[in-house]
């Protein structure tokens, strides 16, 4: 290498310099295991989110006091070793005035290998950490079989008996002589991603899917369904979409991809398989699950069960009188497949959130006479303005590699996401002003979401409750889809429905777009009260800043919840798998 | 951003500085369109490989004189504009003494967007280019629909008729009312990759696959087959393998992946479809192809045809007497599926290259009594030592992103690959010394490949002719697989075969591992002499440093050859697709 000395330039301090300097200080503070030395490096209104690395739990801590408490309980000498900057991406300045430095770190813990994301800001003339996220990335001794840990491949020379890879795969999924370590209920994105992670960690997982094909959860949805989240946020882990994929993916395309994913990731799936009975033996730590399959009844004995039937798995059907007298057709929105039978007929859609709007639009385009019933109000955003605002620059064309976009996303605790959302909601509403005004002009009622947090507030609390406009709002504003506003469904009549305020609507078809019940109700239906009564409700941001139920210990020693949109499951399936793997390996911290 | 002046360090010249300085000089030289000013920046023994960007052909030019001639004919003002360093990867030093600087560039040409790879070395105190590769990456106006050019996705609100994405895909592959622009014969890696690129460029391609499923070309191979090339070299374009995939991939796994690829890339494939007749109308520029399908006979009229049936598509079966008298079973190696029928029987495998060894091993492990007939000599390398030597650090765990590894690979002209191969062959042979000695001890004859260039020499010339040891050599050295050396198959007898030197071998099974004929013979069989007589032979490195026939104009205006291993087709399918797209769009340079 040549060594020459050019004229010394006027140097500017780079994002790397800033980050490395702060990290040096953090390294020194950590070595003392003194919480107050660490919190001295944080902003007053700091956020520390730990995903298993320090606390062996998912938790968000706000402010130096709460962080100090957490570190006091969990930070010992050696809790975080070999702390290094990850230079594969960043550090980088962010913000119009470069007021934030974002950087990523790797480190070692007693249990395994960690990663983190840090955002630095200036406070009183010094760079301090505004947000810190520390996560466990792999368990030592159980590292995911990827990259340097990937398998070399089957022996080219099969042993006696001559089994090849395909023979081994078939034997593996047959479970003729063995039991799976984990049974996962549901081959949607939740089930597929946790099973993929478990397999990579060496844990044998069997997915039970009640439909005929992996992906049917999407395939069987209504004809015109397209994903609402943009492609850059939606990769499944370990298998990104081709760069040719459309921004918004049609249901059948994603369904086929799920099927390919299960194959490419060598997941064990039984399709047309339904669990019909279950019991848990606390003494042996094993479940006994009875499964009906096309080949007959099977019994399996996993150590853990993951419920991944989906946040939209348990239809909420209003228990109103008169349904048996109604002469037309009625069903919950989850059963809506095709609108083609309803050309020229009267359709009433009860419920004005995403399913209600999509199905009303589907029916209108098929030639039906459609009325949408809105009981109270709906949060509306246009896809064009609202989605980029929610996903931001990290999940857009040319954004950071998904691995780093995800570290930044998980490095933004849910309560902070909700704080940011308020401004985003206002900005989007301003851009959508004409659309919203046209809706209000026909009597449609709008809201800004829980405490003005819009879609994210609804998504975190309930999983639904909003509408991302992809055309139905215009049809409503133009009166092409009629609106019955201000009252909910009270009863069915022979010719249609009656609302609570007495108005009647004639209908040949009534679609109940009335949402879904909490996943705990699915647990109750499938596993009984004994199990369900030990479980929390799913969703809702709790006192600890984390979502209820999902991705972590539930209170039942061998039952776990998994679910959420693609952007969440890609991230948190790993953390759930880590906890199950550690539990089964007997290495969970006390 | 803060601005502070640290103490000025002793600066070293980085790879970036070196590369940028040379690129500045190149930019200045190009602006003059003076070939001699450009060649002044090149090493005396330089290499310039152009893939369509300057010459609208694939060509390798060695030495400043040849490069000057090429530039003189093709370099005008504006031939290369907006030349920039691609900083996404590199520039970087290479070599034990940092004696090489590798860098990548982007540029614009009259026809489209270009990319390049450059290797600089020091000559007479100055950095000069040892290798330059310039390629066309996209056609202006026909850019591949990836990244910023990806589709937004189907309208969420389908128009009248209500077709969704799946409806459109089904209509597209039916060709009920339209013709494909291109027909591709064969859904192996060659066919799939060129069709994927064509589709992304907006050209409608239909693949005809004679087997029942995409991937059957691998699926139907013998039981124990595993890929010989390592995973890092084998991605299909636009859809890399998950990082969990084994280093050497089993045949069924790659077969399933091909099927998923066709789906994910939205390729139009007719399976169980065979072309039965063809004719070309020079006046209209259209083919008329008759295709037999399960639903009956179809006729299609593409403008171009791509033969992608594989370099191993046309079995070479020796025409020797007596086969009708032979009482046992005989077939070409391409028909070997399973060895399980031959336990306890006598099997003779004629031919000692890869297929011969693999099948001999397959039969031995199934319990057959196996004799391998080696007529002359074989080039042998161990997979353990030989494969990493061939693929190098660019196609290994932790290597550069595939995009850049490929630019470096295509930036190493075939004649230079062959020069490098000689040293690699010696080094591998030294590491394999014990294995090779053990083979020679039982009379097996070894060679170093054409002019000592080993596997690469054979691969570039013939597509085969070597054996990558994954266990058979040890069986031969130990006498478990018997060896008949020094003479080839002369005739069949009722009880077996007779070699040219008179020796007879008894056999219940004779497998003719006698290789494959040139792909031109497939063209002749399928399209007739009129077409085949206009075509070159496939493979062999020609005077122009490029492979015969593949990836470019053949001499027939509407016929193209596609094929090769995964590592080649991923790269060159793009160049082939660019030429077909430009031809059909009427924008090929004169």
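The values are calculated or read from the model by the stated rules, or taken from the named source; none is laboratory data. The model shown is predicted, which means the values in this text are computed figures rather than measured ones. Don't worry about glycine lacking a Cβ; one is built from the backbone with ideal geometry, like all the others, and counts go over all protein chains shown.
Against the condition surrounded by fewer than 24 Cβ atoms within 10 Å (Cβ to Cβ) and in a helix (DSSP H, G or I), how does residue B:379 come out, does it pass?
The answer is no for residue B:379.
For residue A:557, only one of the following conditions fails: (1) closer than 25 Å to residue A:74 by Cα; (2) not in a loop (DSSP other than H, G, I, E, B). What is its number?
Tallying (1) closer than 25 Å to residue A:74 by Cα; (2) not in a loop (DSSP other than H, G, I, E, B), residue A:557 fails exactly one: (2).
Just wondering, is there one or more residues in the stretch B:422-435 that are within 14 Å of chain A (Cβ to nearest Cβ), in contact (Cβ under 8 Å) with a residue 12 or more places away in the chain and under 32 Å from the mean Cα position of the chain (by Cα)?
no
With (1) in contact with a strand residue (DSSP E or B) (Cβ under 9 Å, 6 or more places away or on another chain); (2) at positive phi as the list, and residue A:266 as the residue in question, which single condition is left unmet?
(1)
Is it the case that some residue within the stretch A:131-146 is in contact with a strand residue (DSSP E or B) (Cβ under 9 Å, 6 or more places away or on another chain), within 12 Å of chain B (Cβ to nearest Cβ) and crowded, with 17+ Cβ neighbours inside 10 Å?
Yes; the residues of the stretch A:131-146 include at least one that is in contact with a strand residue (DSSP E or B) (Cβ under 9 Å, 6 or more places away or on another chain), within 12 Å of chain B (Cβ to nearest Cβ) and crowded, with 17+ Cβ neighbours inside 10 Å.
Taking only the stretch A:150-169 into account, find how many residues are facing another protein chain (nearest Cβ under 7 Å), modelled with pLDDT under 85 and either farther than 19 Å from residue A:204 by Cα or surrounded by fewer than 16 Cβ atoms within 10 Å (Cβ to Cβ) (or both).
Final tally of qualifying residues: 5.
For the stretch B:548-566, how many residues meet the condition of being closer than 14 Å to residue B:461 by Cβ and surrounded by 22 or more Cβ atoms within 10 Å (Cβ to Cβ)?
The qualifying residues number 3.
What's the number of the condition residue A:388 fails, among (1) at pLDDT 95 or above; (2) farther than 21 Å from residue A:480 by Cα?
(1)
What is the one condition in (1) over 23 Å from residue B:547 (Cα atoms); (2) in a loop (DSSP other than H, G, I, E, B) that residue B:82 does not satisfy?
(2)
For residue B:339, which of the numbered conditions (1) within 14 Å of chain A (Cβ to nearest Cβ); (2) in contact (Cβ under 8 Å) with a residue 60 or more places away in the chain; (3) exposed (fewer than 14 other Cβ atoms within 10 Å of the Cβ) fails to hold?
If we test residue B:339 against (1) within 14 Å of chain A (Cβ to nearest Cβ); (2) in contact (Cβ under 8 Å) with a residue 60 or more places away in the chain; (3) exposed (fewer than 14 other Cβ atoms within 10 Å of the Cβ), just (3) comes out false.
Run down B:368, B:352, B:409, B:389 and say which single residue is surrounded by 23 or more Cβ atoms within 10 Å (Cβ to Cβ) and either away from chain A (no Cβ under 14 Å) or free of Cβ contacts under 8 Å to residues at least 12 places away in the same chain (or both).
B:352
What is the one condition in (1) modelled with pLDDT under 95; (2) closer than 27 Å to residue A:201 by Cβ that residue B:250 does not satisfy?
Every listed condition holds for residue B:250 apart from (1).
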